[in-house]
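Below is one structure, written out as structure tokens; the observations come after it.
The values are calculated or read from the model by the stated rules, or taken from the named source; none is laboratory data. Fair warning: this is a prediction, and the values are worked out from it, not measured in the lab. Counting neighbours? That spans all protein chains shown, and the Cβs are built from the backbone with ideal geometry, glycine included.
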Amino acid sequence: MMLNDLMMILVGLLILILGVLIGVAYLTLLERKVLGYIQIRKGPNKVGLIGIFQPFSDAIKLFTKETTYPNFSNYYCYYFSPTVSFILSLVIWVLIPYYFNMISFNLGLMFFLCCTSMGVYTVMIAGWSSNSNYALLGGLRAVAQTISYEVSMALILLSSIVMILDFNLMSFYYYQKMIWMMLMMIPLSLMWVSSMLAETNRTPFDFAEGESELVSGFNIEYSSGGFALIFLAEYSSILFMSILFVIVYMGGYELSLFFYLKLSFISFLFIWVRGTLPRYRYDKLMYLCWKSYLPVSLNFLLFFLGLKIFF
């Protein structure tokens, strides 16, 4: 029986990884289409019907290109950091509350925070091991940004955790049957959205790859497969952050069409923001985190603590 169960869990995980990869592929297509229409042009529309096979042809192109290694790079670190980054971004998906597969994380949010903080190391090592000044500079900026916003994200999450007194993501569904957390904590949920953008290195916080001044940042020396893995890790974390936002603030996890519509909308928001907003200034980004978000989220935390004790 035990072996049977393990086989089922493994099959479930494989299906999950496949689903995430297909989701990521079509998220890139959606992004290119939406950005195209924002800039009054068509997105990819040649490969297959309305460009439906574009992500797969991109993947084939990227993974069949020749991989180049800088002569002075630290070879093993350079080679493995995108792989580790990609694996970490897939591992986080285990904590989505499933109705099957017998996987239930009681400390799901703790696991999430641990995995995201591990992601910083891959960026740092990728930037450092390329042995290029541009890559190192991009890596340092990305690490500073990610670490800063992890603090604010953890504190924003703490308010929700205080309200439900549980780390399990499934509990959010039971507590939000009557009212969404988002309606109770509007400022916190908006802060979470912008922290989410900063955490995944997206516009307007894309300093790690500010093309105009940093020439693609920490991944500048990567081509073909390594670049594709960094790209996949980024988009996989975008999808995960969207799903986490829906679970924590917009009614929890349920197997319904409405849940997936909410998820698609939040993913679309990432793209919408990219097509609309200019890049922030780096010192303003740090100021926003340490001088605005940190005090506000701490005050809200005390407020919700008081509320919980009072009731």
- Query: Can you tell me which of 221, 150, 209 is within 20 Å of residue 283 (Cβ to Cβ), at pLDDT below 85 and surrounded by fewer than 23 Cβ atoms within 10 Å (Cβ to Cβ)?
  - Reply: 209
- Message: Given the condition crowded, with 20+ Cβ neighbours inside 10 Å, in a loop (DSSP other than H, G, I, E, B), in contact (Cβ under 8 Å) with a residue 60 or more places away in the chain and touching a helix residue (DSSP H, G or I) at 6+ places or on another chain (Cβ under 7 Å), answer yes or no: does some residue in region 122-130 qualify?
- Response: yes
- Message: Out of 307, 229, I need the residue that is at pLDDT 85 or above, crowded, with 20+ Cβ neighbours inside 10 Å and not acidic (Asp, Glu). Which one?
- Response: 229
- Which of the residues spanning region 266-291 are assigned to a helix (DSSP H, G or I) and surrounded by fewer than 14 Cβ atoms within 10 Å (Cβ to Cβ)? 276, 283, 284, 287, 290, 291
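Name the residue, out of 18, 30, that is part of a helix (DSSP H, G or I), of a type outside the set (D, E, K, R), free of Cβ contacts under 8 Å to residues at least 60 places away in the same chain and under 25 Å from residue 265 (Cβ atoms). Before you say what the answer is, go through the steps one by one.
Working: 30 fails: free of Cβ contacts under 8 Å to residues at least 60 places away in the same chain.
Being part of a helix (DSSP H, G or I), of a type outside the set (D, E, K, R), free of Cβ contacts under 8 Å to residues at least 60 places away in the same chain and under 25 Å from residue 265 (Cβ atoms) holds for just one of 18, 30, which is 18.
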- Message: Quick test of your reading of the structure: residue 192 fulfils all but one of (1) buried (at least 22 other Cβ atoms within 10 Å of the Cβ); (2) under 15 Å from the mean Cα position of the chain (by Cα); (3) at pLDDT below 90. Name the failing condition by number.
- Response: (3)
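Could you list, in sequence order, the residues of region 158-174 that are part of a helix (DSSP H, G or I) and more than 15 Å from residue 245 (Cα to Cα)?
Step one: list which residues in region 158-174 are part of a helix (DSSP H, G or I), which gives 158-164, 169-174.
Those that are part of a helix (DSSP H, G or I) and more than 15 Å from residue 245 (Cα to Cα): 162, 163, 164, 174.
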- Message: For region 36-87, give me the residue count where each residue is assigned to a helix (DSSP H, G or I) and closer than 17 Å to residue 224 by Cβ.
- Response: 19
- Query: Restricting attention to region 73-112, which residues are among the hydroxyl-bearing types (Ser, Thr, Tyr) and at pLDDT 85 or above?
  - Reply: 75, 76, 78, 79, 81, 83, 85, 89
